[in-house]
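Working notes for the structure below.
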Amino acid sequence: MTLGHGGATALRLLGNVRPLDEKQFVYDAMLAGWSDQQASRGLVTSTIQGRVLTIRRFETFTGRYPWEWSVGDVEDYTTHAKSGARPAARSTIRAYQMIIRLFCEYLCDGRYEWAGECERRFGQAPQQICHEWNTTAHLVDYEGRAQRRALTYDELEQFFTAVDARVEFILDQGRKGALAALRDAQIFKTIYAYGLRRAEAVGLDVADLRPNGAAPRFGRFGAVEVRWGKGSRGSGPRRRSVLTVPELGWVTSGLAQWVDHARPRFTDEAGMLWPTERGSRVSLRYIDMRFAALRDQLGLPPELSVHALRHTYVTNLIEWGYSEKFVQDQVGHAYASTTAIYTSLGDDYKTRMVTRALARIYGGKDADNR
């Protein structure tokens, strides 16, 4: 029997069934009803499934059903998540607590009648177990590791020199893999040149490379249509167009070489921009591993990741004088404050700004360079 017909309907169906394990049956019905409530709100399946999995893990940890949960269970669960060899990050813990809070709100909402049903069946009603005194507050905009940062100009040059050198080395050795190395190099350059997330880059098709009428010099590579942008609150992918900027126009020649000459040697089918030898898309794990291998080979700091290329893109655009709104639109941030988190202006840029300020106040050769 399927109970996935909405929270209230799932509850009413309980009266028609005599289950062998009544507690488990009611619990499953609660989760089915909550899933349908979220689907009705427009949340994507992956978000709903992730939330249900979190609730199941919490139930397994407590060893009790939702109508038996207490505020102490949240505190014990949080303490457990923060301990061990791999403690959960603050943002992760807060996400867990938010999901538990949402589930409890659903159960306590009188419109769904779960409280009365549990009271009648088990003599206990579910309660809200997450409150301001036992949950993690969101006090700062950025809660990631402080070590994460953009690459410096020297590090960026080192990295791209290395990815190009890898292609030449494989060719000189007469070994297989030069095409894959060329593909990898162009993936990293595209991620940087358009400020893409890994999943956005992996999801690109050849058809997503578009001309920009306002910049004909870039030909068919004037913009990238991102169709798999990060959504919010389980809303699904968010689309955006990312324009090629003049400072990074060099990426277009590499894209042309890849699309016209190298990619056809992998496949002659239209579709994915970055195919593998087996005809599938490159994976996120592969991109992470390849970046880490090159980073370690160069002796660059271990905190640098593929995502640091996106941080670098944001930082460089701000340094080159692009407006914050333009940068925000390019990288697909809903809020300007998020873009600010990604910005780590270099010492050279800050020195120039101070020099210009001194010249304006005290006079000098840079007094008119505003």
Every residue from region 110-133 that is open to solvent by less than 60 Å² (accessible area, probe 1.4 Å) and either closer than 20 Å to F25 by Cα or not in a loop (DSSP other than H, G, I, E, B) (or both): Y112, W114, A115, G116, E117, C118, R121, F122, G123, A125, P126
For residues that are of a type in the set (G, A, S) and more than 16 Å from L151 (Cα to Cα), scanning just region 277-292, find the one that is modelled with the highest pLDDT. S283
Sole exception among (1) touching a residue at least 12 places away in the same chain (Cβ under 8 Å); (2) touching a helix residue (DSSP H, G or I) at 6+ places or on another chain (Cβ under 7 Å); (3) open to solvent by 40 Å² or more (accessible area, probe 1.4 Å); (4) not aliphatic (A, V, I, L, M) for K82, by number: (1)
For region 304-327 the number of residues that are under 17 Å from the mean Cα position of the chain (by Cα) and open to solvent by 10 Å² or more (accessible area, probe 1.4 Å) is 3
Go through region 267-303 and give me each residue that's open to solvent by less than 60 Å² (accessible area, probe 1.4 Å) and touching a strand residue (DSSP E or B) at 6+ places or on another chain (Cβ under 9 Å). T267, G271, M272, L273, W274, P275, G279, S280, V282
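The values are calculated or read from the model by the stated rules, or taken from the named source; none is laboratory data. The structure presented is a predicted model; accordingly, all values stated were derived computationally and were not measured. Ideal geometry is used to build each Cβ from the backbone, glycine not excepted, and the neighbour counts take in all protein chains shown. Note: accessible area is taken over every heavy atom of the protein model, side chains too, but ligands, DNA and RNA are not part of it. Shrake-Rupley method; radii C 1.70, N 1.55, O 1.52, S 1.80 Å.
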